[in-house]
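So the structure is just underneath, and the comments pick up after that.
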Amino acid sequence: MAIPPYESALCMRRGECAAVLTPMPNAGLRLLAPPTYLVDGNLSVKLKRGKGEVFVWKTKQIDATPERLKELDSFRRELTEILEEAAAQ
C-alpha cells in the first residue's frame, strides 16, 4: 500500500496497523517508520491527551484503547521477529 509521504517505500499493513520499510544496501529490509495505528488510512502519532492516549493524524484522533494497543503491540512484535529472522539468514 502507498501512504503519503512514503509512496516509494514498502508499507506493511495488518488490520489497522502499518509500518514503513525500506530496502537495505546488502539485501533485506529495515524499518523506516515504526509501526503505528492508521487513522483514516494514514500513519498516526500516539499522544497523551488528558488522562489517556490517542492516535492522531492532522485534526483527526481516535482513542488508544486497550484493544488497539494490543493489536499494535502484536503487529510490532511479529514484524520485529520477521525482520530479525531475515537478517540472520
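In this structure, does L21 turn out to be buried (at least 16 other Cβ atoms within 10 Å of the Cβ) and out of contact with any Phe, Trp or Tyr (no Cβ under 9 Å at 6 or more places or on another chain)? Here the answer is yes, as L21 does meet what is asked.
Only residues that are of a type outside the set (K, R) and loosely packed, with under 15 Cβ neighbours inside 10 Å: list them for the range 25-41, please.
Passing the criteria: P25, N26, A27, G28, L32, P34, D40, G41.
Of all positions in the range 79-89, at least one carries a residue that is out of contact with any Ser or Thr (no Cβ under 9 Å at 6 or more places or on another chain) and not in a helix (DSSP H, G or I). Please specify each residue of the range 6-40 satisfying the condition of being within 12 Å of L83 (Cβ to Cβ), in contact with a strand residue (DSSP E or B) (Cβ under 6 Å, 6 or more places away or on another chain) and of a type in the set (G, A, S). Answer for the range 6-40, where residues must be within 12 Å of L83 (Cβ to Cβ), in contact with a strand residue (DSSP E or B) (Cβ under 6 Å, 6 or more places away or on another chain) and of a type in the set (G, A, S): just A19. Among the numbered conditions (1) part of a strand (DSSP E or B); (2) surrounded by 11 or more Cβ atoms within 10 Å (Cβ to Cβ); (3) not small (G, A, S), the only one that K48 does not meet is (2).
For the subset of the range 54-78 comprising residues that are part of a strand (DSSP E or B) and open to solvent by 60 Å² or more (accessible area, probe 1.4 Å), which member is nearest to V20 (Cα to Cα)? So the residue we want is W57.
The values are calculated or read from the model by the stated rules, or taken from the named source; none is laboratory data. Note that this is a predicted model, so its numbers are computed, not measured. Note that each Cβ is placed from the backbone with ideal geometry, even for glycine, and that neighbours are counted across all protein chains shown. These area figures cover heavy atoms from the full protein model, side chains too; ligands, DNA and RNA do not enter into them. Shrake-Rupley method; radii C 1.70, N 1.55, O 1.52, S 1.80 Å.
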